[in-house]
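Everything below concerns the one structure shown next.
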Amino acid sequence: MTRKEDLFRGSIAVEDGKIFAMGEIPEDFQGELIIDGSGKIALPGLINSHTHAAMQYFKNFNDTHSDLETWLQAVWKYEAVLKKEDIKIASTMAIAEMIRGGTTCFTDMYFDVEQTVEALIETRMKATVGLTLFGDLEESKRRIEKSLSYLKEVRADHPHHVSFDVAPHAIYTCTRDTYTYGKKIADENGCRLHTHLSESPFEVEQSKRNNGRSPISYLNSLQVLDSNTYLAHVVHPIDEDLDILRRTGVSVIHNPSSNCKLGNGIAPISLYKDSQVNVALGTDGSSSNNTLDMFKEMRLAAMISAASTRNPVALTPFDIIRMATANGAKALGKDSSCGTLEIGKDADIILVDTDKPHISPMNDPYSAIVYTCSSFDVDTVMIRGDIVYHENRFSYIDIEREESRIREKWEAIKQRVTT
Ligand SMILES: [Zn+2]
């Protein structure tokens, strides 16, 4: 995913968790384990740049509300009764779903981060978890006090798998002090700022009413937008917003399924691309998607770009896969270690099996990945050289046990709300 032309047929050697050689492997390199990749496409592991892993419970539940605001009210009722151990069970299942679909890194925004971090460490997944802020400055300080030192410790102990960002939820749930204080904490701790922005028409209207400007212009006025900030959704830029996005160097995270499903609209991604804004791809949470499947996300991103611009090449398949890999790594500040297959980078590699009826003949690998392949064609998933999934088997997840645990737990959670 360095350049469109950089396709090769050959081998990849992995040593100490990193890519050691590509194409021709040195004759003296002795592999302990050899995976036959013939008939398979090797890609950098996919990066899901915006999700809420623990919302796995809310898949296909309560999703017939007429707009984002009433849907959020319905979801919050159930989130209010979640207990710590519930978060871990849901996070583990979300990680299983992501690994199964070729995702090797994600960025999360939720509460009780300790539970998600435990799930990450057990499953060997990579993620940036959000120190999520909600409400006014006092509440935000309380949340930072509760989680910051833990997150710094766990990042130091597991530097390759766990990092964290500061994540104020949205401008309609967080005060301006929460944003400016959150940005200060992020800068002081070598973190990024991750937030939802300009998601619904309602949010834009409310911001104009309350702040006298668009959501993007409002956050810019608080001086929290720079190249260490990434914004989920960004469906409704107005006026000078495009210029702000370009000048500040923020990354935009495209969530096409969630934007479609909640009726929020279609983000003008090719405009962002033309303005040199870095755009990555995310599924958003399971309740507004309702999968964590990056292959579906890539296909939908391509389709709605073509349909909305009436230009089938406004975003090419290569552009789309970049959004799901290299651009995601850039948004998360991980581009020196992942997002492309390059010597010296972490061996986060997936193999997609193309020896299938629906992919034969395989004329163009980029087009095949975006338009034809599905997550079920992922055959092997490697994270930092560790094979976490291969030929229908997870290495670190007892998937049958986890499936029954999440079903039982969800029944208990529903009981808590109704009694
Ligand atoms: Zn979200």
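May I ask you to sort Ser227, Ser404, Ser217 by Cβ crowding, counting other Cβ atoms within 10 Å and putting the fewest first?
Working: Ser227 14, Ser404 11, Ser217 20.
In order of increasing Cβ crowding within 10 Å: Ser404, Ser227, Ser217.
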Check your understanding: Which of the peptides 320-333, 265-278, 145-158, 20-33 is most tightly packed, and how do the rest follow, judged by the mean count of other Cβ atoms within 10 Å per residue?
Key -> 320-333, 265-278, 145-158, 20-33
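Over the range 107-152, what number does the Rg to Rh ratio reach, with both radii from the alpha-carbon atoms and Rh per Kirkwood? Intermediate results must be reported in sequence, preceding the final value.
Working: Rg = 11.3 Å, Rh = 11.2 Å.
Using Cα coordinates only, the ratio equals 1.01.
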Revision key, fill the gap. Highest GNM mean-square fluctuation among Pro256, Pro44, Pro365, for the chain with Cα springs under 10 Å, belongs to Pro365
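Provide the gained length on full extension for the span Glu205 to Thr64, in nm with one decimal, where the gain is 0.36 nm per separating residue minus the Cα-Cα distance.
Full extension from Glu205 to Thr64 adds 48.4 nm.
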Check your understanding: With charges set only on the Cβ (+1 for Lys and Arg, -1 for Asp and Glu), what does the dipole of the chain come to about its Cα centre, in debye to the nearest 20?
Key -> 980
Revision key, fill the gap. Projected onto the charge dipole of the chain (unit charges on the beta-carbon of Lys, Arg, Asp and Glu, signs +1, +1, -1, -1), the Cα from Pro365, Leu33, Phe134 with the largest positive-side position is that of Phe134
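Give me the mean projected area, in nm² to one decimal, of the convex hull enclosing the Cα positions of the range 314-406. Write out the running numbers ahead of the final one.
Details: hull surface 32.6 nm².
The number I arrive at for the range 314-406 is 8.2 nm².
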**Study point:** Convex hull of Cα atoms in the chain, direction-averaged projection (nm²)
**Key:** 20.2
Exercise for review: Filter the trypsin sites (Lys or Arg not before Pro) in the range 1-86 to those in DSSP coil with at most 14 other Cβ atoms within 10 Å of their Cβ, and list the result.
Suggested key: Arg3, Lys4, Arg9, Lys83
Review point. When the dipole is taken about the Cα centre of the range 155-211, and only Lys, Arg (+1) and Asp, Glu (-1) are charged at their Cβ, what size is it in debye, to the nearest 20?
Key: 160
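In square nanometres, what is the average projected area of the Cα convex hull of the range 165-279? Walk me through the numbers on the way to the answer.
Values: hull surface 25.5 nm².
Result: a mean projected hull area of 6.4 nm².
How about the range 382-419: which GluC sites (Glu not before Pro) there lie in a loop by DSSP and see at most 15 other Cβ atoms within 10 Å?
Working: sites: Glu391, Glu400, Glu402, Glu403, Glu408, Glu411; in loops: Glu391.
Counting only loop positions with at most 15 other Cβ atoms within 10 Å, the GluC sites (Glu not before Pro) in the range 382-419 are Glu391.
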Check your understanding: Mind checking the angle between helix 176-188 and the chain's longest principal axis? C-alpha axes, 0 to 90 degrees, to the nearest 10.
Key -> 40
Practice item. Specify the angular offset, from 0 to 90 degrees and rounded to the nearest 10, of the alpha carbon long axis of helix 201-211 from the longest principal axis of the alpha carbons in the chain. Key: 50
Practice item. Could you work out how far the C-alpha centroid of the range 54-74 sits from that of the range 360-414, in angstrom? Key: 24
**Study point:** Angle in degrees between helix 68-79 and the longest Cα principal axis of the chain, rounded to the nearest 10
**Key:** 80
Review point. For the range 44-188, what does the alpha-carbon gyration tensor say about shape, rounded, prolate or oblate, given a ≥ b ≥ c as the root eigenvalues, a/c under 1.5 as rounded, and a/b over b/c as prolate?
Key: oblate
Exercise for review: Under a 10 Å cutoff between Cα atoms, tell me which one of Arg124, Arg405, Arg246 has the largest fluctuation in the Gaussian network model of the chain.
Suggested key: Arg405
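Quick one: of Lys183/Lys345; Lys18/Lys334; Lys126/Lys330; Lys84/Lys152; Lys126/Lys152, which pairs are farther than 18 Å apart, Cα to Cα? Before the final figure, lay out each step's value.
On the way: Lys183/Lys345 29 Å; Lys18/Lys334 14 Å; Lys126/Lys330 15 Å; Lys84/Lys152 20 Å; Lys126/Lys152 16 Å.
From the list (Lys183/Lys345; Lys18/Lys334; Lys126/Lys330; Lys84/Lys152; Lys126/Lys152), the Cα-Cα distance tops 18 Å for Lys183/Lys345; Lys84/Lys152.
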Check your understanding: Along the positive direction of the dipole of the chain (beta-carbon charges: Lys, Arg +1; Asp, Glu -1; about the Cα centre), which of Leu82, Leu72, Phe20 reaches farthest?
Key -> Leu72
**Study point:** Whole-Å distance, taken between Cα centres, linking the range 213-234 and the range 123-196
**Key:** 16
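Coordinate-derived values only; no laboratory data. No experiment lies behind these values; they were computed from the predicted model shown. Every residue, glycine as well, gets a Cβ built from its backbone with ideal geometry; the counts of neighbours run over all protein chains shown.
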